[in-house]
1. Inspect the range 394-405 for any residue being modelled with pLDDT of 85 or more, of a type in the set (Val, Ile, Thr) and either under 21 Å from residue 300 (Cα atoms) or in the same structural domain as residue 294 (by TED's automatic domain parsing) (or both) and give the result as yes or no.
2. Failed condition for residue 104, given (1) at pLDDT below 80; (2) exposed (fewer than 15 other Cβ atoms within 10 Å of the Cβ), with all others met?
3. Taking residue 359 as the residue in question, decide whether it is surrounded by 12 or more Cβ atoms within 10 Å (Cβ to Cβ) and modelled with pLDDT under 90.
4. Would you kindly identify the helices (runs of 4 or more DSSP H) lying entirely within the range 204-302 that contain at least 3 residues that are under 30 Å from residue 332 (Cβ atoms), of a type in the set (Lys, Arg) and touching a residue at least 24 places away in the same chain (Cβ under 8 Å)?
5. Would you pick out the residues in the range 13-35 that are surrounded by fewer than 22 Cβ atoms within 10 Å (Cβ to Cβ), under 28 Å from the mean Cα position of the chain (by Cα) and of a type in the set (Gly, Ala, Ser)?
6. Report, by residue number, each residue of the range 157-198 that is outside any helix (DSSP H, G or I), at pLDDT 80 or above and in the same structural domain as residue 17 (by TED's automatic domain parsing).
Amino acid sequence: MTEPIAEAEAYIRFRLDSLASANEHHRFEEIATRIARKRISANILVATGPVSSGGDQGRDAESYKTRIPDELPNAAGFSASASTEPVVLACTIQKSSLKSKVLADADSICAAGADPVTHIAYFSVHPISAGATHDLKKTIRDKYDVSLDIFSGADVATLLAEPDLVWVARQYLDLPSSMIPPPEGEPDPEWYAELIEKLRQNGGPAALTPATQGEVTLGLRHATWDATANADLPEWLGFMSAFLADSRDGKDTDQVFRACYEISIARFRGAGSADGVEDLVRRAIGYAYGNNQPNVVDDAVTLASYWGVMWMAGVGRADAKEISGAVLSLRDQAVRMLEATNVSTHPVRAASLMGTLASLHLFPNWRSVEEEQGRPPHVEFTPSAGVKLDDASADVSGVPMDALVGGAEAMAYLDSLVDLTSGFHR
(Lines give C-alpha, C1' and ligand atoms only; values in the text may rest on other atoms or scores of the structure.)
Protein backbone atom coordinates (compact mmCIF):
# COMPACT_ATOMS: atom_id res chain seq x y z
CA MET A 1 0.00 0.00 0.00
CA THR A 2 1.45 3.35 -0.95
CA GLU A 3 1.70 6.16 1.59
CA PRO A 4 -0.85 8.48 -0.13
CA ILE A 5 -3.46 5.73 -0.08
CA ALA A 6 -2.84 4.97 3.59
CA GLU A 7 -3.09 8.65 4.45
CA ALA A 8 -6.35 9.01 2.52
CA GLU A 9 -7.84 5.92 4.18
CA ALA A 10 -6.92 7.18 7.64
CA TYR A 11 -8.56 10.52 6.98
CA ILE A 12 -11.70 8.89 5.55
CA ARG A 13 -11.92 6.57 8.55
CA PHE A 14 -11.69 9.58 10.88
CA ARG A 15 -14.44 11.40 8.98
CA LEU A 16 -16.68 8.34 9.04
CA ASP A 17 -16.38 8.23 12.82
CA SER A 18 -17.39 11.89 12.93
CA LEU A 19 -20.56 11.05 11.00
CA ALA A 20 -21.55 8.66 13.76
CA SER A 21 -20.79 11.24 16.44
CA ALA A 22 -22.96 13.81 14.66
CA ASN A 23 -25.74 11.25 14.02
CA GLU A 24 -25.55 11.84 10.25
CA HIS A 25 -27.24 8.63 9.16
CA HIS A 26 -28.47 10.10 5.88
CA ARG A 27 -24.99 11.15 4.76
CA PHE A 28 -23.62 7.67 5.49
CA GLU A 29 -26.55 6.20 3.59
CA GLU A 30 -25.63 8.34 0.55
CA ILE A 31 -21.99 7.21 0.78
CA ALA A 32 -22.95 3.54 1.07
CA THR A 33 -25.33 3.81 -1.88
CA ARG A 34 -22.61 5.35 -4.07
CA ILE A 35 -20.26 2.52 -3.16
CA ALA A 36 -22.91 -0.12 -3.75
CA ARG A 37 -23.68 1.20 -7.24
CA LYS A 38 -20.03 0.79 -8.20
CA ARG A 39 -19.14 -2.41 -6.35
CA ILE A 40 -22.36 -4.40 -5.93
CA SER A 41 -25.04 -3.48 -8.46
CA ALA A 42 -25.55 -0.43 -10.65
CA ASN A 43 -29.36 -0.62 -10.42
CA ILE A 44 -29.68 0.52 -6.79
CA LEU A 45 -31.79 3.46 -5.65
CA VAL A 46 -32.21 5.00 -2.20
CA ALA A 47 -35.41 3.75 -0.60
CA THR A 48 -38.27 6.16 -0.03
CA GLY A 49 -39.46 6.47 3.53
CA PRO A 50 -38.03 8.12 6.65
CA VAL A 51 -34.69 6.61 7.59
CA SER A 52 -34.04 5.45 11.15
CA SER A 53 -37.77 5.33 11.83
CA GLY A 54 -38.87 2.04 10.32
CA GLY A 55 -40.46 3.71 7.34
CA ASP A 56 -38.11 1.99 4.94
CA GLN A 57 -38.48 -1.50 6.54
CA GLY A 58 -34.76 -1.57 7.26
CA ARG A 59 -34.01 -0.95 3.57
CA ASP A 60 -31.91 2.16 3.12
CA ALA A 61 -31.55 1.39 -0.58
CA GLU A 62 -32.52 -1.44 -2.90
CA SER A 63 -32.21 -2.58 -6.48
CA TYR A 64 -34.92 -2.08 -9.06
CA LYS A 65 -35.76 -4.81 -11.53
CA THR A 66 -33.68 -5.03 -14.68
CA ARG A 67 -33.50 -7.70 -17.34
CA ILE A 68 -29.81 -7.05 -18.03
CA PRO A 69 -27.71 -9.97 -16.70
CA ASP A 70 -24.96 -9.62 -14.13
CA GLU A 71 -22.21 -10.75 -16.44
CA LEU A 72 -22.11 -10.22 -20.18
CA PRO A 73 -19.24 -10.91 -22.57
CA ASN A 74 -18.01 -7.63 -24.03
CA ALA A 75 -20.46 -5.77 -21.81
CA ALA A 76 -20.01 -2.16 -20.91
CA GLY A 77 -21.20 0.16 -18.17
CA PHE A 78 -24.58 -0.61 -16.68
CA SER A 79 -24.92 -4.09 -18.18
CA ALA A 80 -21.66 -5.21 -16.63
CA SER A 81 -22.60 -4.08 -13.12
CA ALA A 82 -26.38 -4.42 -12.79
CA SER A 83 -27.93 -7.31 -10.90
CA THR A 84 -31.04 -9.21 -11.95
CA GLU A 85 -31.44 -10.48 -8.38
CA PRO A 86 -33.09 -8.26 -5.72
CA VAL A 87 -30.43 -6.60 -3.58
CA VAL A 88 -31.05 -4.59 -0.41
CA LEU A 89 -28.64 -2.16 1.21
CA ALA A 90 -28.83 -1.38 4.94
CA CYS A 91 -26.71 1.07 6.93
CA THR A 92 -26.03 1.84 10.55
CA ILE A 93 -24.00 4.40 12.46
CA GLN A 94 -24.80 2.63 15.74
CA LYS A 95 -21.75 1.75 17.87
CA SER A 96 -22.95 -0.89 20.32
CA SER A 97 -24.97 -4.13 20.04
CA LEU A 98 -24.17 -4.31 16.33
CA LYS A 99 -24.84 -8.03 16.00
CA SER A 100 -28.35 -7.56 17.37
CA LYS A 101 -28.84 -4.53 15.12
CA VAL A 102 -27.92 -6.49 11.97
CA LEU A 103 -30.26 -9.34 12.93
CA ALA A 104 -33.11 -6.94 13.68
CA ASP A 105 -32.68 -5.19 10.33
CA ALA A 106 -32.54 -8.54 8.54
CA ASP A 107 -35.81 -9.57 10.22
CA SER A 108 -37.44 -6.37 8.91
CA ILE A 109 -35.99 -6.73 5.43
CA CYS A 110 -37.07 -10.36 5.12
CA ALA A 111 -40.41 -10.03 6.94
CA ALA A 112 -43.48 -11.78 5.57
CA GLY A 113 -45.10 -9.64 2.91
CA ALA A 114 -41.95 -7.63 2.20
CA ASP A 115 -40.51 -7.46 -1.30
CA PRO A 116 -38.26 -10.45 -2.06
CA VAL A 117 -34.51 -10.19 -1.52
CA THR A 118 -31.63 -12.55 -2.29
CA HIS A 119 -28.71 -10.48 -0.98
CA ILE A 120 -28.17 -7.91 1.77
CA ALA A 121 -25.22 -5.52 1.71
CA TYR A 122 -24.79 -4.12 5.21
CA PHE A 123 -22.68 -1.01 5.84
CA SER A 124 -21.56 -0.10 9.35
CA VAL A 125 -19.43 2.86 10.40
CA HIS A 126 -18.10 0.88 13.34
CA PRO A 127 -16.33 -2.50 13.11
CA ILE A 128 -18.09 -5.84 13.32
CA SER A 129 -15.68 -8.65 14.18
CA ALA A 130 -14.88 -11.40 11.69
CA GLY A 131 -16.37 -13.99 14.03
CA ALA A 132 -19.63 -12.06 14.41
CA THR A 133 -19.75 -11.55 10.65
CA HIS A 134 -19.47 -15.28 9.96
CA ASP A 135 -22.19 -16.03 12.55
CA LEU A 136 -24.50 -13.42 11.03
CA LYS A 137 -23.99 -14.73 7.52
CA LYS A 138 -24.84 -18.28 8.61
CA THR A 139 -27.85 -17.25 10.69
CA ILE A 140 -29.41 -15.15 7.92
CA ARG A 141 -28.64 -17.71 5.24
CA ASP A 142 -30.19 -20.55 7.29
CA LYS A 143 -33.20 -18.51 8.39
CA TYR A 144 -34.08 -16.64 5.19
CA ASP A 145 -31.97 -18.21 2.41
CA VAL A 146 -30.46 -14.75 1.87
CA SER A 147 -26.75 -13.98 1.48
CA LEU A 148 -25.09 -11.22 3.48
CA ASP A 149 -21.99 -9.08 3.07
CA ILE A 150 -20.85 -6.64 5.77
CA PHE A 151 -18.75 -3.55 5.07
CA SER A 152 -17.36 -1.92 8.19
CA GLY A 153 -15.72 1.48 8.42
CA ALA A 154 -12.25 0.22 7.47
CA ASP A 155 -13.68 -1.51 4.39
CA VAL A 156 -15.55 1.64 3.41
CA ALA A 157 -12.38 3.72 3.79
CA THR A 158 -10.44 1.33 1.57
CA LEU A 159 -13.10 1.47 -1.13
CA LEU A 160 -13.41 5.25 -0.99
CA ALA A 161 -9.66 5.65 -1.56
CA GLU A 162 -9.92 3.83 -4.90
CA PRO A 163 -9.77 5.98 -8.07
CA ASP A 164 -13.37 5.67 -9.23
CA LEU A 165 -14.81 6.28 -5.75
CA VAL A 166 -12.48 8.86 -4.26
CA TRP A 167 -14.79 11.61 -5.52
CA VAL A 168 -17.40 10.33 -3.02
CA ALA A 169 -14.94 10.99 -0.20
CA ARG A 170 -14.35 14.50 -1.55
CA GLN A 171 -18.06 15.19 -1.96
CA TYR A 172 -19.40 13.77 1.29
CA LEU A 173 -16.38 13.66 3.64
CA ASP A 174 -14.42 16.75 2.54
CA LEU A 175 -11.31 14.79 1.60
CA PRO A 176 -8.66 17.42 0.71
CA SER A 177 -7.38 17.35 -2.87
CA SER A 178 -3.83 16.99 -1.56
CA MET A 179 -4.76 13.61 -0.07
CA ILE A 180 -6.22 12.10 -3.23
CA PRO A 181 -3.99 9.16 -4.22
CA PRO A 182 -2.35 9.46 -7.65
CA PRO A 183 -4.08 7.40 -10.37
CA GLU A 184 -2.63 4.05 -11.37
CA GLY A 185 -2.22 3.20 -15.03
CA GLU A 186 -3.41 5.45 -17.86
CA PRO A 187 -5.42 8.40 -16.48
CA ASP A 188 -8.59 9.73 -18.07
CA PRO A 189 -8.17 12.79 -20.29
CA GLU A 190 -7.95 15.97 -18.25
CA TRP A 191 -11.11 17.43 -19.79
CA TYR A 192 -13.04 14.29 -18.89
CA ALA A 193 -11.83 14.17 -15.29
CA GLU A 194 -12.64 17.85 -14.78
CA LEU A 195 -16.09 17.53 -16.34
CA ILE A 196 -17.26 14.52 -14.36
CA GLU A 197 -15.88 16.07 -11.17
CA LYS A 198 -17.88 19.24 -11.80
CA LEU A 199 -21.06 17.29 -12.48
CA ARG A 200 -20.59 15.18 -9.38
CA GLN A 201 -20.09 18.23 -7.20
CA ASN A 202 -23.22 19.85 -8.65
CA GLY A 203 -25.26 16.65 -8.34
CA GLY A 204 -25.84 16.72 -12.12
CA PRO A 205 -26.11 19.42 -14.78
CA ALA A 206 -26.24 22.88 -13.19
CA ALA A 207 -28.58 24.12 -15.92
CA LEU A 208 -30.54 22.52 -18.75
CA THR A 209 -28.84 24.49 -21.50
CA PRO A 210 -27.59 23.39 -24.91
CA ALA A 211 -24.01 24.14 -23.86
CA THR A 212 -24.27 21.97 -20.76
CA GLN A 213 -25.91 19.20 -22.75
CA GLY A 214 -23.07 19.37 -25.25
CA GLU A 215 -20.57 18.80 -22.46
CA VAL A 216 -22.56 15.86 -21.08
CA THR A 217 -22.76 14.41 -24.60
CA LEU A 218 -18.96 14.43 -24.88
CA GLY A 219 -18.58 12.66 -21.54
CA LEU A 220 -21.30 10.11 -22.29
CA ARG A 221 -19.80 9.18 -25.64
CA HIS A 222 -16.32 8.89 -24.14
CA ALA A 223 -17.57 6.61 -21.35
CA THR A 224 -19.50 4.44 -23.81
CA TRP A 225 -16.32 3.30 -25.56
CA ASP A 226 -13.33 4.03 -23.36
CA ALA A 227 -12.24 1.00 -21.33
CA THR A 228 -11.20 3.07 -18.32
CA ALA A 229 -14.10 5.53 -18.27
CA ASN A 230 -16.69 2.86 -19.04
CA ALA A 231 -17.33 2.24 -15.35
CA ASP A 232 -18.81 5.75 -15.22
CA LEU A 233 -21.44 5.05 -17.89
CA PRO A 234 -24.39 4.72 -15.46
CA GLU A 235 -23.56 8.15 -14.04
CA TRP A 236 -23.43 9.73 -17.49
CA LEU A 237 -26.78 8.19 -18.41
CA GLY A 238 -28.16 9.77 -15.26
CA PHE A 239 -26.66 13.16 -16.11
CA MET A 240 -28.16 13.05 -19.61
CA SER A 241 -31.53 11.86 -18.29
CA ALA A 242 -31.92 15.22 -16.53
CA PHE A 243 -32.57 16.79 -19.94
CA LEU A 244 -35.62 14.55 -20.49
CA ALA A 245 -37.49 16.89 -18.13
CA ASP A 246 -36.96 19.96 -20.31
CA SER A 247 -40.14 21.38 -21.83
CA ARG A 248 -41.61 24.45 -23.47
CA ASP A 249 -45.31 25.10 -22.99
CA GLY A 250 -45.66 21.52 -21.85
CA LYS A 251 -44.06 20.08 -24.98
CA ASP A 252 -40.73 18.39 -25.64
CA THR A 253 -37.80 20.49 -26.80
CA ASP A 254 -34.73 19.89 -28.94
CA GLN A 255 -32.86 19.07 -25.73
CA VAL A 256 -35.32 16.29 -24.92
CA PHE A 257 -34.83 14.95 -28.42
CA ARG A 258 -31.04 15.05 -28.04
CA ALA A 259 -31.26 13.29 -24.68
CA CYS A 260 -33.41 10.53 -26.18
CA TYR A 261 -30.91 10.14 -29.01
CA GLU A 262 -27.77 9.98 -26.86
CA ILE A 263 -29.23 7.74 -24.13
CA SER A 264 -30.70 5.29 -26.65
CA ILE A 265 -27.46 4.81 -28.52
CA ALA A 266 -25.29 4.66 -25.40
CA ARG A 267 -27.53 2.03 -23.79
CA PHE A 268 -27.89 -0.11 -26.89
CA ARG A 269 -24.30 0.08 -28.09
CA GLY A 270 -22.71 0.11 -24.66
CA ALA A 271 -24.95 -2.47 -22.98
CA GLY A 272 -26.38 -4.41 -25.92
CA SER A 273 -29.91 -4.19 -24.56
CA ALA A 274 -33.06 -2.43 -25.72
CA ASP A 275 -34.60 -2.30 -22.25
CA GLY A 276 -35.65 1.29 -21.57
CA VAL A 277 -34.53 2.32 -25.05
CA GLU A 278 -37.49 1.77 -27.35
CA ASP A 279 -39.78 4.24 -25.59
CA LEU A 280 -37.05 6.88 -25.94
CA VAL A 281 -36.75 6.07 -29.64
CA ARG A 282 -40.52 6.43 -30.05
CA ARG A 283 -40.45 9.75 -28.21
CA ALA A 284 -37.64 11.10 -30.38
CA ILE A 285 -39.20 9.97 -33.66
CA GLY A 286 -42.54 11.44 -32.60
CA TYR A 287 -40.80 14.76 -31.99
CA ALA A 288 -39.19 14.65 -35.43
CA TYR A 289 -42.55 14.17 -37.18
CA GLY A 290 -43.53 17.74 -36.39
CA ASN A 291 -40.09 19.28 -36.77
CA ASN A 292 -38.71 21.04 -39.84
CA GLN A 293 -35.02 20.94 -38.95
CA PRO A 294 -33.11 18.63 -41.33
CA ASN A 295 -30.61 17.62 -38.63
CA VAL A 296 -33.41 16.55 -36.28
CA VAL A 297 -35.06 14.43 -38.95
CA ASP A 298 -31.70 12.95 -39.95
CA ASP A 299 -30.91 12.00 -36.34
CA ALA A 300 -34.38 10.46 -36.01
CA VAL A 301 -33.58 8.40 -39.09
CA THR A 302 -30.42 7.18 -37.36
CA LEU A 303 -32.50 6.11 -34.35
CA ALA A 304 -34.95 4.33 -36.65
CA SER A 305 -32.00 2.46 -38.14
CA TYR A 306 -30.86 1.38 -34.67
CA TRP A 307 -34.43 0.34 -33.88
CA GLY A 308 -34.43 -2.00 -36.84
CA VAL A 309 -31.08 -3.43 -35.78
CA MET A 310 -32.50 -4.03 -32.28
CA TRP A 311 -35.35 -5.98 -33.87
CA MET A 312 -33.01 -7.98 -36.10
CA ALA A 313 -30.70 -8.76 -33.17
CA GLY A 314 -33.66 -10.02 -31.13
CA VAL A 315 -33.37 -7.54 -28.27
CA GLY A 316 -36.18 -5.26 -29.43
CA ARG A 317 -39.76 -5.86 -28.33
CA ALA A 318 -41.52 -3.68 -30.91
CA ASP A 319 -42.92 -5.51 -33.91
CA ALA A 320 -41.57 -5.03 -37.42
CA LYS A 321 -44.79 -3.32 -38.54
CA GLU A 322 -44.31 -0.49 -36.03
CA ILE A 323 -40.67 0.05 -37.00
CA SER A 324 -41.45 0.04 -40.72
CA GLY A 325 -44.29 2.48 -40.07
CA ALA A 326 -41.90 4.84 -38.28
CA VAL A 327 -39.45 4.67 -41.21
CA LEU A 328 -42.19 5.45 -43.73
CA SER A 329 -43.50 8.35 -41.63
CA LEU A 330 -40.01 9.83 -41.43
CA ARG A 331 -39.71 9.41 -45.18
CA ASP A 332 -42.96 11.27 -45.74
CA GLN A 333 -41.80 14.06 -43.41
CA ALA A 334 -38.50 14.42 -45.28
CA VAL A 335 -40.31 14.43 -48.64
CA ARG A 336 -42.61 17.23 -47.48
CA MET A 337 -39.64 19.23 -46.24
CA LEU A 338 -37.75 18.77 -49.51
CA GLU A 339 -40.77 19.75 -51.60
CA ALA A 340 -41.10 22.94 -49.53
CA THR A 341 -37.42 23.81 -49.98
CA ASN A 342 -36.24 26.17 -52.71
CA VAL A 343 -33.19 24.39 -54.06
CA SER A 344 -31.80 27.59 -55.59
CA THR A 345 -31.90 29.63 -52.39
CA HIS A 346 -31.35 26.81 -49.87
CA PRO A 347 -29.11 24.26 -51.62
CA VAL A 348 -27.47 23.01 -48.41
CA ARG A 349 -30.84 22.25 -46.80
CA ALA A 350 -31.93 20.47 -49.98
CA ALA A 351 -28.71 18.46 -50.13
CA SER A 352 -29.11 17.37 -46.51
CA LEU A 353 -32.68 16.19 -47.10
CA MET A 354 -31.71 14.35 -50.30
CA GLY A 355 -29.02 12.49 -48.39
CA THR A 356 -31.49 11.62 -45.63
CA LEU A 357 -34.03 10.33 -48.15
CA ALA A 358 -31.42 8.25 -49.98
CA SER A 359 -30.46 6.66 -46.66
CA LEU A 360 -34.09 6.00 -45.71
CA HIS A 361 -34.80 4.18 -48.97
CA LEU A 362 -31.81 1.90 -48.35
CA PHE A 363 -33.30 0.71 -45.06
CA PRO A 364 -34.60 -2.84 -44.94
CA ASN A 365 -38.37 -3.06 -45.02
CA TRP A 366 -38.55 -4.84 -41.68
CA ARG A 367 -42.17 -5.84 -42.22
CA SER A 368 -41.20 -7.67 -45.45
CA VAL A 369 -38.21 -9.27 -43.72
CA GLU A 370 -40.49 -10.61 -41.01
CA GLU A 371 -42.95 -11.97 -43.57
CA GLU A 372 -40.14 -13.80 -45.39
CA GLN A 373 -37.97 -14.95 -42.50
CA GLY A 374 -40.13 -14.67 -39.38
CA ARG A 375 -39.34 -12.75 -36.23
CA PRO A 376 -35.83 -13.32 -34.84
CA PRO A 377 -35.74 -15.24 -31.54
CA HIS A 378 -35.70 -12.96 -28.51
CA VAL A 379 -32.44 -12.50 -26.62
CA GLU A 380 -31.64 -10.24 -23.69
CA PHE A 381 -28.52 -8.68 -25.17
CA THR A 382 -26.38 -8.58 -28.29
CA PRO A 383 -22.92 -10.18 -28.36
CA SER A 384 -21.50 -6.97 -29.86
CA ALA A 385 -22.20 -4.91 -26.74
CA GLY A 386 -19.35 -2.53 -26.07
CA VAL A 387 -17.62 -3.42 -29.34
CA LYS A 388 -17.07 -0.81 -32.02
CA LEU A 389 -18.02 -2.09 -35.47
CA ASP A 390 -16.68 -0.84 -38.77
CA ASP A 391 -18.08 -1.44 -42.25
CA ALA A 392 -16.05 -4.63 -42.60
CA SER A 393 -17.20 -6.21 -39.32
CA ALA A 394 -20.91 -5.30 -39.53
CA ASP A 395 -22.95 -8.41 -40.38
CA VAL A 396 -25.75 -7.66 -42.86
CA SER A 397 -26.05 -11.19 -44.21
CA GLY A 398 -29.47 -11.62 -42.64
CA VAL A 399 -30.96 -8.73 -44.62
CA PRO A 400 -32.16 -9.67 -48.13
CA MET A 401 -31.21 -7.05 -50.68
CA ASP A 402 -34.62 -7.29 -52.34
CA ALA A 403 -36.31 -6.19 -49.10
CA LEU A 404 -35.16 -2.58 -49.14
CA VAL A 405 -37.64 0.28 -48.74
CA GLY A 406 -36.77 1.41 -52.24
CA GLY A 407 -33.42 0.85 -53.96
CA ALA A 408 -34.37 2.66 -57.18
CA GLU A 409 -35.65 5.69 -55.27
CA ALA A 410 -32.44 5.77 -53.23
CA MET A 411 -30.37 5.92 -56.42
CA ALA A 412 -32.56 8.69 -57.81
CA TYR A 413 -32.01 10.81 -54.69
CA LEU A 414 -28.28 10.13 -54.85
CA ASP A 415 -28.19 11.20 -58.50
CA SER A 416 -30.00 14.42 -57.61
CA LEU A 417 -27.60 14.97 -54.74
CA VAL A 418 -24.59 14.53 -57.03
CA ASP A 419 -26.06 17.01 -59.53
CA LEU A 420 -26.78 19.54 -56.82
CA THR A 421 -23.42 19.31 -55.09
CA SER A 422 -21.59 19.45 -58.41
CA GLY A 423 -23.07 22.89 -58.84
CA PHE A 424 -21.44 24.02 -55.58
CA HIS A 425 -18.02 23.92 -57.25
CA ARG A 426 -18.85 25.59 -60.57
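The values are calculated or read from the model by the stated rules, or taken from the named source; none is laboratory data. Nothing here was measured: the structure is a model prediction, and the numbers come from that model. Cβ: placed from backbone, ideal geometry, glycine included. Neighbour counts: every protein chain shown.
1. Of all residues in the range 394-405, those modelled with pLDDT of 85 or more come to none.
Within the range 394-405, not a single residue is modelled with pLDDT of 85 or more, of a type in the set (Val, Ile, Thr) and either under 21 Å from residue 300 (Cα atoms) or in the same structural domain as residue 294 (by TED's automatic domain parsing) (or both).
2. (1)
3. Values: surrounded by 12 or more Cβ atoms within 10 Å (Cβ to Cβ): yes; modelled with pLDDT under 90: no.
Here the answer is no, as residue 359 does not meet what is asked.
4. Numbers: elements: 210-225, 233-241, 254-271, 278-289.
Helices (runs of 4 or more DSSP H) meeting the threshold: 254-271.
5. Result: no residue meets the conditions.
6. At the first step, the residues of the range 157-198 found to be outside any helix (DSSP H, G or I) are 161-165, 174-176, 180-189.
Subset that is at pLDDT 80 or above: 161-162, 165, 174-175, 189.
161, 162, 165, 174, 175, listed by residue number.
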